[in-house]
Each structure stands twice: as structure tokens, then as C-alpha cells.
Amino acid sequence: ILGFGNYAGDVLNFGAAAERLRGEGIDARILAVTDDVASAGPEERSRRRGVAGDLLVFKIAGAAAEAGLDIDAVEAVAQRANAGSVSFGVAFDGCTLPGQAGPLFTVDPEHIALGLGIHGEPGIRTERMIPAAELARMLLAPLLAERPAGHDGRVAVVLNGLGRTKYEELFVLWHHLSRLLADEGLTPVDPEVGEFVTSLDMAGCSLSILWLDDELEAFWRAPADAPAFRKGSIARPDAAVAAPQDAAPVAAAETIQPGSEVSRQAGACIAALIARMADALAEAEEELGRIDAQAGDGDHGQGMARGSGAAASAAAEASAAGAGAGGVLVSAGDAWADRAGGTSGALWGVALRGFGLALGDDAAIAPGLVAAGARDALDAVVRLGGAQPGDKTLVDALVPFVDALAAEADRGQALPEAWRRAATAATEAAEATADLVPRLGRARPLAERSVGHPDAGAVSLALCARVIADALEKGAGSSARPS
């Protein structure tokens, strides 16, 4: 069972991992935690983010597995725990990503941000700073609004610091919360106060409640011993009689299949083009992060720079090993997904892999084949991410790029001219995303803030298209440039 908070990047990456496991004959299940009441209403539970409810759901799922339940029963218990978990958070200041000069967002010292996520997103609104007693009421009120009818009042409670809030402050807040819970007829069962699901150095806290039944209470109370969370005590086996553990076998590296002479030449050209993309994305990292931070967590530039850098290295290695065009792209895509992480890593990974599989390692590169590869890349992105034009994602730039490339190839244009027209279409479409309201991904809960700003994923895709267009027109990368 692969468990994670319901964020687009996690959904895509864990989904891809589950598909690979199933392909190897392993029963893999997906468990997306959806406890954040600020990100969607109860009628849209599946669209909520996963925040500190992760702790409640994962703890109970782990206890159920430890008790010997089979995978179907563990999954059912975990889903029930998720359905009964609700959370709400506040921030006093934003967090700073490693390597960045400042925080993703700031909060005026006299205000607090309400309804934030744990990936560095700003809150959905701000209000003036209030005393701890009033803050306790503010945190609890939206959770009480979702109390199940007829519930007996037993609740698991987690008061969670987000990274920079002192424990003394958390316990001052807990003092007020415990009284409010009692006033509402609620009985906290093994409450937890501390830092469990943090957001780097963010100043703030969140409150999570799980409406318990007998089975969920038993699993919540069960002892646990993990590096970052302990509850009760667990008897350990005597080290002298502990069963030996064999090291897991190391998976063999994917073998590079040699391409034809013409495809190897094209592969070398593609590797050079990916290197140019990586250079451009590294230079644009800060600006892409700034665009992403308008309504997201601001890490898009960092992810694109890391992913493209890894892809460039993998492409160069594959080309040097004799791979054709397809093998170079597949190697680059796998490296991009592995290094970048997040939504962009998963999408660029499947896009390059799909492109590479379409090109293959034998045929000469012609505009029609490249257009077909781009279409397969688009199909892979839509299949994995589910985005459609108008959702304010990279798909809004990728669709016009693919359509323009196919149209120019059908007209008999050479690849440099066809690619330039496609890059222009992608750039215009990326700029037009400023007028769209996001319907998917991390920016959706803060949709109005993104209006007037283009989508970072669409902007970075258009940038890559222009970089390749420039290189193709100059004949850069290889004397065997596809024509």
C-alpha cells in the first residue's frame, strides 16, 4: 500500500510506481490522504490535500498490517481512517526552500495565514493576529462542522507544529483546545502535540481530528516504534536469535540497445539538444520558481533544473553507449522523473519516454516521425496526469505545440521550420494561461491568486521548445541534424 498526501506530484509519481509494481506481478494499492478542509468542501473530499492527517491514517494502517490483516482489510481500515480525518492549519510565516534566498511567501507580523498546505503553499486568506484562545476556536470550528451525526465523541487529536513553532507555544494552544473539546463533548484519545508533519521552517501549526470507532481506536492506541514516531513500547526480539536478513537483490541496470547508424547520429543530436535545454532551465530556475510561487509551492524551477540536468547526463551516457534516438530519449525521461520528483518530473519523464518509444532506434528522423512522437508524448502526459486544455497546466502549451508540429509536417516543412512554428504556438498558449483559473494541481485551492500569472509548467515547456528551435535552426548539436 503506497500512502501519501493528496498532492498532484505524489499522485503521479506513486501512481507510476504502482503501475510498475503491478506490471511485475506485485499487488500495489494507492492510498491518498485527503484531510485538509481548507482545500475543498466535504462534497469534493477526493480533491482535498493531504496534510497532518497523514500521521493518523498511516499510523492506523501500519497497526492494522502489524495485527496481521490482509491487504484488502488494511486498505479498508486505512480508507475509513482517511474518511474520518479532518485538518485545518494556520501559518505565521512561510518556509524557505534549500538554496533559496527567501521564503516562498511572507505573512505580515500582525496577521496570520489560514488554510495553508504542507508543501509551502500560502494560505487561502489572511486575518489579523489573535490570542491563543481565539486561535484554538478558529482551528477547531471547521473540523466540528464535519462531525458525523450520532458520533459518540471519541477522537484522535494531533496538534502539529509546522517546523518553527516552539513546543511551549503548542502546549499553550493545547491548553485552550482541550477545554474546547470538552465543552463540545469530545474525548481525546491519546492526543499528540508536537512536530509530526512539517513544512521545513514554516512558522505555524495545524489541528487534526479523527472521529474514532472501536476498531480505529484500537489501532490508534496500538504501540508504534519508528524513527520519527513512537507510541508505547514494543517487545524486541533477542538480537542473539534474530532471524538473518538477506540483502535485497540489486536490480540490473537497463541494457542500452544499440541503434542503427542513422539513429545513433540522431541520438547524439538529441543528447546535445537536451543539454541546451538543461542550461536554459538552470538559468531560468529562479524566474520559474517565482511564477510557480504565485499559487503553488515555488519549486517548479528547482525541479525542472534538477530533472533536466539529470536527463542531459543520462542522454549523453546513452548516446556514448551507442543508443539510438529512442534509447537516448527513454534514458533521459527516466532520469528526469527520478531526479526531479514532483508533478513536472513525472510528466516530463513519461513524455520523453513516450516520445522515445515512438522514434525507436532504427528509423531515420523525419518531421512526420517527430510529430508522431510528440503526439505520443502528449497522450502519455494526459493519460498520467488527467489534465485537459483549459486546466492551466503544461497541457495548455503542449496541445498547440503538437498540433502545429503535425500540421507543419503534413505540409512538408523541414524539421527546423516545423519546430519553430510549434514553439511559437506553445509560447503564445503559455502566455495565454495567465487568463485561466487552475482546475487541477497544487494551485487549485488558491486559484484566484494565479489569475494574471501564466502557468509555470506551460512557460517552462515553451522555453524548452524555443531553445530546441534555436538550436535546430543553427544546426547545433550534430552535423547529422534531422531534416
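For this structure, a couple of remarks:
- Residue within region 326-334 that is in a loop (DSSP other than H, G, I, E, B), buried (at least 24 other Cβ atoms within 10 Å of the Cβ) and at pLDDT 95 or above present: no
- Number of positions in region 267-314 that are under 24 Å from the mean Cα position of the chain (by Cα) and either under 22 Å from residue 474 (Cα atoms) or outside the structural domain of residue 458 (by TED's automatic domain parsing) (or both): 11
- Answer residue from region 213-236, given it is of a type in the set (Gly, Ala, Ser) and in a strand (DSSP E or B) and is surrounded by the fewest Cβ atoms within 10 Å (Cβ to Cβ) among those: 226
- The condition of being crowded, with 23+ Cβ neighbours inside 10 Å, touching a helix residue (DSSP H, G or I) at 6+ places or on another chain (Cβ under 8 Å) and in contact (Cβ under 8 Å) with a residue 12 or more places away in the chain holds for residue 323.
- Of all the listed residues (433, 424), the sole one being of a type in the set (Ser, Thr, Tyr) and surrounded by 24 or more Cβ atoms within 10 Å (Cβ to Cβ) is 433.
- Residue within region 31-46 that is modelled with pLDDT under 95 and under 24 Å from residue 347 (Cα atoms) present: yes
- Within region 97-155, the set of residues being in contact with a Gly (Cβ under 7 Å, 6 or more places away or on another chain) and modelled with pLDDT of 95 or more comprises 153 only.
- Some residue of region 374-382 being closer than 16 Å to residue 300 by Cβ, in contact with a Ser or Thr (Cβ under 7 Å, 6 or more places away or on another chain) and surrounded by 19 or more Cβ atoms within 10 Å (Cβ to Cβ): no
- Helices (runs of 4 or more DSSP H) contained entirely in region 1-104, each with at least 2 residues that are under 28 Å from residue 337 (Cβ atoms), among the charged types (D, E, K, R) and not assigned by TED's automatic domain parsing to the domain that holds residue 334: 8-23
- Every test in (1) crowded, with 16+ Cβ neighbours inside 10 Å; (2) over 13 Å from residue 118 (Cβ atoms) is passed by residue 70 save one, and that test is (1).
- Only one of the listed residues (429, 434) is modelled with pLDDT under 95, within 30 Å of residue 47 (Cα to Cα), out of contact with any Leu (no Cβ under 6 Å at 6 or more places or on another chain) and of a type outside the set (Ser, Thr, Tyr). That residue is 434.
- Residue match in region 281-293 (condition: modelled with pLDDT of 95 or more, closer than 20 Å to residue 377 by Cβ and in contact with a Cys (Cβ under 8 Å, 6 or more places away or on another chain)): yes
- Condition met for residue 50 (surrounded by fewer than 18 Cβ atoms within 10 Å (Cβ to Cβ) and at pLDDT 90 or above): no
The values are calculated or read from the model by the stated rules, or taken from the named source; none is laboratory data. Everything quoted here is computed from the prediction, not taken from an experiment. Virtual Cβ from ideal backbone geometry, glycine too; neighbours counted across all protein chains shown.
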